[in-house]
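Take a look at the structure below.
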Amino acid sequence: MAGTSRHDREMAVNAKKQLSVCTDPVDRLRMQCLARGSSGIKGLGRTFRIMDDDNNRTLDVKEFMKGLNDYGVLIDKDEAMTMFQRFDRDNSGLIDFDEFLLTLRPPMSNARKEVIMQAFRKLDKTGDGVITIEDLSGVYNAKYHPKYQNGEWTEEQVFRKFLDSFDSPYDKDGKVTMEEFLNYYCGVSASIDSDVYFILMMKNAWKL
């Protein structure tokens, strides 16, 4: 999407700068994710989901540590334990990872969330809560893509590449859920200070 790669770079640089000064474990983890660009938090979420073998959407301390390690997050054991205890509000020895990701996402105004949801609903033509290649035909015009114009890619390849940018980096399944779409735009949103500019960018990009 036009503009987002520049925002990604700016955000990564800012996150790295803030990482050197912030001391709170949750903030530090957020900055490490954002330093990877818009899909950083989403990628961590996917890593945790893969680890959740019994699909109960919770993680014990061992899974939590392994998830952070697998994703390449640099964090010492004490810091990770402090973070785990903060999220384990009922002292059950388990954390709800949806809640964990919500806390990790950079804060976003309701106006921004609403415009992101509008874009998602426009793309999700079938209304089943997931954007697929079938949803995109008719909403996203592949014919203007330079690689389609020079014959390098088919229409389906253009759509697939487009979905890949929102899909999680470690598990590209060609489907984008509402959560992935929101996580992606949380990353983009973190790099844009002005609500007005963010909303304008979304409306222009998706013709809302």
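Below, the figures for the structure above:
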| read-out | value |
| --- | --- |
| FRET E, pair Ser137, Lys113, Förster distance 25 Å, beta-carbon r, rounded to 0.05 | 0.40 |
| Neighbour cut-off at most 13 other Cβ (10 Å), DSSP loop, GluC sites (Glu not before Pro), segment 122-169 | Glu152 |
| Reference-scaled alpha-carbon Rg (2.2 N^0.38 Å with N residues) for the chain | 1.07 |
| Sites Leu102 and Gln149 - FRET efficiency at Förster radius 45 Å, r taken between beta-carbons, to 0.05 | 0.65 |
| Length gained when the stretch Lys66-Leu200 is fully extended (0.36 nm per residue, less Cα-Cα span) | 44.2 nm |
| Quotient of Cα Rg and 2.2 N^0.38 Å for segment 138-205, N being how many residues it contains | 1.28 |
| Tilt relative to the chain, helix 77-87 - C-alpha long axis, 0 to 90 degrees, to 10 | 70 degrees |
| Listed residues Leu29, Met108, Thr82: farthest to the positive end of the dipole of the chain (Cβ charges) | Met108 |
| Estimated inter-spin distance, Met81 and Asp54, nm [label 7 Å along Cα→Cβ] | 2.4 nm |
| Shape of segment 1-88, Cα gyration tensor, a/c cut at 1.5 | oblate |
| Per residue solvent-accessible surface (Å²) - the chain, probe of 1.4 Å | 53 Å² |
| Residues whose placed amide H lies under 5 Å from that of Trp153, excluding near-sequence neighbours | Tyr148 |
| Segment Lys161-Asp90, extension gain: residue separation times 0.36 nm, minus the distance between their alpha carbons | 21.4 nm |
| Percent accessible area from carbon and sulfur atoms, segment 169-208, protein chains only, probe 1.4 Å | 57 percent |
| Förster-model FRET efficiency, 25 Å R0, Leu208 and Lys17, C-beta, rounded to 0.05 | 0.15 |
| Label-point separation in nm, Val130 to Lys175, each point 7 Å along Cα→Cβ | 0.1 nm |
| Entries of Lys17/Lys203; Lys42/Lys113; Lys113/Lys207; Lys175/Lys203; Lys16/Lys66 with Cα pairs more than 28 Å apart | Lys17/Lys203 |
| The chain: relative contact order in percent, alpha carbon pairs under 8 Å with at least 6 residues between | 26 percent |
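The values are calculated or read from the model by the stated rules, or taken from the named source; none is laboratory data. Please read these numbers as outputs of a predicted model, since none were measured by experiment. Neighbour counts run over all protein chains shown; Cβ positions are idealised from the backbone, glycine included. For accessibility, only protein heavy atoms count, side chains too; no ligands or nucleic acids. Shrake-Rupley method; radii C 1.70, N 1.55, O 1.52, S 1.80 Å.
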